[in-house]
Amino acid sequence: MSAAETTAPVKVPPARSAPPPTPPVVTGGSTKRLAGATAVPWALLAPCLLILAVVLGYPLVRLVTLSFQEFGQSQLWGFKPAGSVGFANFAAVLGDSEFWTVVVRTIVFAASCVVFTMVIGMAIALLLQKVSGWVKTLVNIALVASWGMPIIVATTVFKWLFDSDYGIFNALLSKLPGVDMIGHNWFASGPEGLAVITLLVVWGAVPFVVITLSAGLTQVPKELEEAARLDGAGAWGVFRYVTLPILKPIIVMLTTLSVIWDMGVFPQVFVMRNGHPEAEFQLLTTYSYDKAFVVNDYAQGSAIALLTVLLLLGVIGVYMRQMLKIGEVE
């Protein structure tokens, strides 16, 4: 019998499992530190929240209150009390055909501004990726200068450009063969006048879109573009299947902001029409202003403004839904 056969087998003891981790003991000092760390962000946000509550909160509460009251000049000067009328102001506004005409005009105007702004902004942002550094710098300087110009100044410049007697735009168009635009009044009809105002709004909004999209284009990997070209994709294919999906969150954000801003256009129309917009130029903002401060029906003006706010909240809801979908995909 060999030695290997007579040797007794060695028993290996079972491995001991590691003891469960001991939960950390939270002392009174740790609790205070955690509470202090939680309170610091709120303490930093408190001044901003206070300013928002004063600047936006009180006017919004007052707007809602007025929309459910009878409030005119008599109530403004204290000759009559402001009595509650329930939903009568909303019923009067929603039953007025002029209101719905203004709503449709505002939606068409805002949609036109948003589409032109996004298309032109995207085109300029893509072109800036193809030019040299000094050209890009000059274009960015021009964009920032136009973006920083006050709205009143820009509106005054556009009034001069499209003036019927001294406007440069009419003079330039008249130099074309067979075109005579001398003395043409662009504000004689609503569609032409709103087209000029649309051009003004787009001119002021394009710089922000271009700068934001240019920043987003720097995050598009060059390797993906090269791979798409090697697979046979053209310029449109690279843009559609590579660039556009990466820029989608930025485009959704810019589109939503543009809708909110263009639905709230007021000074461009008000100044362009010398403080008295005609019926063909009325948007929701100017229509609410006229009802409140021209007709002196502050209650109906507040009701129109509140309906505008609700319409914009719907746009914000769509934006939040799209952003949540994008987050789920990522």
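The values are calculated or read from the model by the stated rules, or taken from the named source; none is laboratory data. Not measured: the values here are computed from a predicted model. Every residue, glycine among them, receives a Cβ derived from its backbone with ideal geometry; neighbour counts consider all protein chains shown. The protein model used for the area step is the full one, side chains on, heavy atoms only, and it has no ligands, DNA or RNA in it. Shrake-Rupley method; radii C 1.70, N 1.55, O 1.52, S 1.80 Å.
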Looking only at region 273-290, count every residue that is open to solvent by less than 40 Å² (accessible area, probe 1.4 Å) and assigned to a helix (DSSP H, G or I) and tell me the total. 7
Can you work out which of the residues in region 143-163 that are of a type in the set (Val, Ile, Thr) and free of Cβ contacts under 8 Å to residues at least 12 places away in the same chain is nearest to Trp186 (Cα to Cα)? Val157
Total residues in region 256-272, condition touching a Phe, Trp or Tyr at 6+ places or on another chain (Cβ under 8 Å) and open to solvent by 40 Å² or more (accessible area, probe 1.4 Å): 2
Members of region 242-252 that are open to solvent by less than 60 Å² (accessible area, probe 1.4 Å) and either in contact with a Ser or Thr (Cβ under 8 Å, 6 or more places away or on another chain) or of a type in the set (Lys, Arg) (or both): Ile250
Just name the residue that is farthest from Trp203 (Cα to Cα) out of those in region 117-132 that are open to solvent by 30 Å² or more (accessible area, probe 1.4 Å) and among the β-branched types (Val, Ile, Thr). Val131
Starting from region 164-184, keep only residues that are open to solvent by less than 90 Å² (accessible area, probe 1.4 Å), then list their pairs with residues that are at pLDDT 85 or above and basic (Lys, Arg) whose Cβ atoms are within a distance under 9 Å, requiring at least 6 positions of separation or different chains. Gly167/Lys159
